[in-house]
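Notes follow once the structure below has been shown.
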Amino acid sequence: RVIELHKKLLEENPSMTKAEALQKALDTVKREAEAKTKKLGTENGSKDKKLEDPLEQFKAMDSFLLVAKVWPGSPAERSGLRLEDTVVKFGSVNKANQNSDSLKQIVMHSEDKPIEVVIRRKGELVRLVLTPRKWSGQGEAGK
């Protein structure tokens, strides 16, 4: 359902970035699921149970990288990454398992493949999808 909405949003809104469309699709599916869960709970006579926040598992995790530069037009910018975001998870990498080459290795082996990135922005967790691509600028995601 998310993929279907993502494609539809991109077709209907050519100026929307892939990251914005993905976030909107995720939010829509989440609202639909919450409404359905609420309806099912009411039908079964049980109390309204809120769906677990999909980012809940990351709340206790520390960030391991501060975004100090986002190049205009870069894959990072297109994914929605912003200056001063802090990275909590980048693909399979987090603070507990990262080393100096972790991100570079993931980016090198993920050209044109989406990478889930969880960032902390102004205290809130945000899920992004970064797709490394060749481009003419600087930065790791541009190779």
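Worth pointing out:
For (1) more than 16 Å from Gln23 (Cβ to Cβ); (2) among the polar types (S, T, N, Q); (3) part of a strand (DSSP E or B); (4) modelled with pLDDT of 90 or more, each residue gets a yes or a no:
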residue: Asn97; (1), (2), (3), (4): yes, yes, no, yes
residue: Ser100; (1), (2), (3), (4): yes, yes, no, no
residue: Val107; (1), (2), (3), (4): yes, no, no, no
residue: Glu116; (1), (2), (3), (4): no, no, yes, yes
residue: Ala141; (1), (2), (3), (4): yes, no, no, no
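- Residue in the stretch 86-94 that is assigned to a loop (DSSP other than H, G, I, E, B) and over 19 Å from Ser110 (Cβ atoms) present: no
- Tabulated pairs, the stretch 7-26, first free of Cβ contacts under 8 Å to residues at least 24 places away in the same chain, second small (Gly, Ala, Ser), C-beta under 9 angstrom, 6+ apart or interchain: Lys7/Ala21; Lys7/Ala25; Lys8/Ala21; Lys8/Ala25; Leu9/Ala21; Leu9/Ala25; Leu10/Ala21; Asn13/Ala21
- Qualifying positions in the stretch 85-121 - open to solvent by 30 Å² or more (accessible area, probe 1.4 Å), among the charged types (D, E, K, R) and touching a residue at least 24 places away in the same chain (Cβ under 8 Å): Lys89, Lys95, Lys104, Glu111, Glu116, Arg120, Arg121
- Here Leu83 clears all of (1) over 15 Å from Ala60 (Cα atoms); (2) touching an Asp or Glu at 6+ places or on another chain (Cβ under 7 Å); (3) among the aliphatic types (A, V, I, L, M) except the condition numbered (2).
- Residue count, the stretch 125-139 (criterion: outside any strand (DSSP E or B) and either at pLDDT 90 or above or out of contact with any Lys or Arg (no Cβ under 9 Å at 6 or more places or on another chain) (or both)): 4
- When the stretch 14-63 is filtered for residues that are modelled with pLDDT of 85 or more, under 19 Å from Glu4 (Cα atoms), surrounded by fewer than 14 Cβ atoms within 10 Å (Cβ to Cβ) and over 14 Å from the mean Cα position of the chain (by Cα), the ones remaining, listed by number, are Pro14, Ser15.
The values are calculated or read from the model by the stated rules, or taken from the named source; none is laboratory data. Fair warning: this is a prediction, and the values are worked out from it, not measured in the lab. So basically every Cβ, Gly included, is an ideal-geometry build from the backbone, and we count neighbours across all protein chains shown. For the accessible areas, the whole protein counts, side chains as well, though only heavy atoms, and no ligand, DNA or RNA atoms are used. Shrake-Rupley method; radii C 1.70, N 1.55, O 1.52, S 1.80 Å.
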